[in-house]
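Before any comments, here is the structure.
The values are calculated or read from the model by the stated rules, or taken from the named source; none is laboratory data. All values derive from a computational prediction rather than experimental measurement. So basically every Cβ, Gly included, is an ideal-geometry build from the backbone, and we count neighbours across all protein chains shown. Side chains included, ligands, DNA and RNA excluded: accessible areas come from the protein's heavy atoms. Shrake-Rupley method; radii C 1.70, N 1.55, O 1.52, S 1.80 Å.
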Amino acid sequence: MSYKIYSADVERTYGKISGQGYQRERIYDLVESCKLRNIDSVFESILPNGKILEAGCGEGGWVIHLRRKGYEVIGVDISSEDLRNARRYDTTIPLLTSDIAKLPFMDRSFEAVICLGVVEHYEDGPLDLLKEMYRVLEPKGLLLLTVPYENLLRKIVHHPMACVYFSIERFLLRRKLVFGEYRYSRREITNLLEETGFKVVQVCVDEYVSADRCLALWVDWLFVFRSRDKTKYAGLNWLGKRVKALLSLFTLWIYSGGILICCEKPPDCVKVQ
């Protein structure tokens, strides 16, 4: 089963503060840091030249980044504040306010859908969201999906410690914990995609290749390894950089914060119920 993460302050854990307003430096970093993710090179090798949707685009970092590369990308997000901030940064990008569970597009509208770090935050699970993305894809269209990865470091270190922390917060401190995200094994997320009707064509890790950023360390150990620079997403402090340097001696699969699954809607697809 996927691992369920709770938090007393979900927005702080995942780097989002309500009402934080427009910060040009933060969005500039979101756009520029796309180049530092290993999935950027995967996108270059696999994305088609046709219409692409980013479902859950937030403040538009990947929409802006990919459009600068020449891709025809439109972004959708439920947060009107995030989209307003994105438009202030770049007035040319096409954005729509919508719940990705009810996308405002006809069937078979896109040649590719990108969804990065979104579906894991739905406590009822991702199946309805995956079916909706399946619906708007053309036959042979691609879904590029990232979710948090239940890596080895999380299994043997962070998750046991998190269980103790949750118990202290809930039973001793009497604090209300709310759902944060699911973390998936490779098998779990590929099974869900295949259940939806997709054919998985490629799986790889999703992590920063630069020495000063790390998704897993930034999210899991926010008070220990996180940089004080709030405009720098997934930025590490001096200790975090040294820990990542040590982890980098091993395979990325041991500590990667996310996993990318590239899958295809079959050409002879039938409508998903």
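If you line up the long axis of helix 80-89 against the longest principal axis of the chain, both from Cα atoms, how many degrees apart are they, to the nearest 10?
With both axes taken from Cα atoms, the answer is about 80 degrees.
Would you mind checking which residues have amide H under 5 Å from Tyr6's amide H? H placed 1.01 Å from N; only 5 or more apart, or other chain.
Counting only residues 5 or more places away or on other chains, the set is Gly180.
Out of the total accessible area of the range 64-118 (probe 1.4 Å, heavy atoms of protein only), what percent is carbon and sulfur?
Answer for the range 64-118 is 48 percent, counting heavy atoms of protein chains only.
When only Cα pairs under 8 Å and 6 or more residues apart are kept, what is the percent relative contact order across the chain?
24 percent
Which value, in debye to the nearest 20, describes the size of the charge dipole of the range 191-273 about its Cα centre when Lys and Arg Cβ atoms bear +1, Asp and Glu Cβ atoms bear -1, and nothing else is charged?
Using Cβ point charges on Lys, Arg, Asp and Glu, the range 191-273 gives about 500 debye.
Could you compute the FRET efficiency for Arg175 and Arg108, with r as their C-beta to C-beta distance and R0 at 41 Å, rounded to 0.05?
0.30
What value, in deg cm²/dmol to 500, does the helix sum -39500 (n - 2.57) over DSSP H runs of n ≥ 4 give at 222 nm once divided by the residues of the chain?
-8500 deg cm²/dmol
Can you tell me the dipole magnitude for the chain around its Cα centre, using point charges on the Cβ only (Lys, Arg +1; Asp, Glu -1), in Debye to the nearest 20?
For this selection, approximately 740 debye.
Given 25 °C and 0.890 mPa s, how large is the Stokes-Einstein diffusion coefficient of the range 119-160 in µm²/s, with Rh as the Kirkwood radius over Cα pairs?
The Stokes-Einstein estimate is 195 µm²/s.
Just the number, please: Stokes-Einstein D of the range 126-193 in µm²/s, Kirkwood Rh from C-alpha pairs, 10 °C, 1.306 mPa s.
Stokes-Einstein gives a translational diffusion coefficient of 108 µm²/s.
Plugging the Kirkwood radius over Cα pairs into Stokes-Einstein for the chain, at a temperature of 20 °C and a viscosity of 1.002 mPa s, what D comes out in µm²/s?
Taking Rh from Cα pairs, D becomes 111 µm²/s.
On a full-extension model of 0.36 nm per residue, what is the gain between Arg84 and Glu25, subtracting their alpha-carbon distance, rounded to one decimal in nm?
Gain on stretching Arg84 to Glu25: 19.7 nm.
Under the Karplus relation 6.51 cos²θ - 1.76 cosθ + 1.60, θ = phi - 60°, what is the ordered set of whole-Hz ³J(HN,Hα) values for the range 63-70, x standing for Gly and Pro?
My calculation for the range 63-70 gives 4, 5, 4, 6, 5, 5, 7, x Hz in order.
Taking only the alpha-carbon positions of the range 182-273 and ignoring solvent, what does the Debye formula give for the base-10 log of I(q)/I(0) at q = 0.17 Å⁻¹?
Debye curve over Cα of the range 182-273, log10 I(q)/I(0) at q = 0.17 Å⁻¹: -0.76.
Measure nothing fancy, just the Cα-based angle from helix 186-196's long axis to the longest principal axis of the chain, in degrees from 0 to 90, nearest 10.
30 degrees
What accessible area per residue, rounded to a whole number of Å², is obtained for the range 129-258 using a probe radius of 1.4 Å?
Per residue, the range 129-258 has 50 Å² of solvent-accessible surface.
Give the Rg/Rh ratio for the range 92-209, taking Rg as the radius of gyration of the Cα atoms and Rh as the Kirkwood radius, to two decimals.
1.04
Tell me, what % of the accessible area of the range 188-273 is carbon and sulfur with a 1.4 angstrom probe?
Here it works out to 59 percent.
Could you work out the percent of alpha carbon pairs in the range 54-107 separated by over 15 Å, rounded to a whole number?
Counting every Cα pair in the range 54-107, those more than 15 Å apart make up 40 percent.
Give me the distance in nm between label points sitting 7 Å out from Cα along the Cα-to-Cβ direction at Leu127 and Ser167, one decimal.
3.2 nm
Taking 0.36 nm per residue of sequence separation and subtracting the Cα-Cα distance, how much length would be gained by fully extending the chain between Thr97 and Ile156, in nm to one decimal?
17.3 nm
Once you put a point 7 Å from the Cα of Ala211 and another 7 Å from the Cα of Glu188, both along the Cβ direction, what distance in nm separates them?
Calculated label separation equals 3.4 nm.
Per residue of the range 91-99, what does 6.51 cos²θ - 1.76 cosθ + 1.60 with θ = phi - 60° give for ³J(HN,Hα)? Whole Hz please, x for Gly and Pro, Karplus curve as stated.
Once θ is set to phi - 60°, the couplings for the range 91-99 become 6, 8, 7, x, 9, 10, 8, 6, 6 Hz.
If you look at just the Cα atoms of the range 4-157, how large are its Rg and its Dmax in Å?
15.6, 46
List the residues, sorted by chain then number, that are 5 or more residues from Arg226 or on another chain and whose placed amide H is less than 5 Å from its amide H.
Distant-sequence amide H within range of Arg226: Asn237.
Counting pairs on different chains as well as pairs 8 or more places apart, how many Lys pairs in the range 186-273 have Cα atoms under 30 Å apart?
Lysine pairs meeting the criterion: 6.
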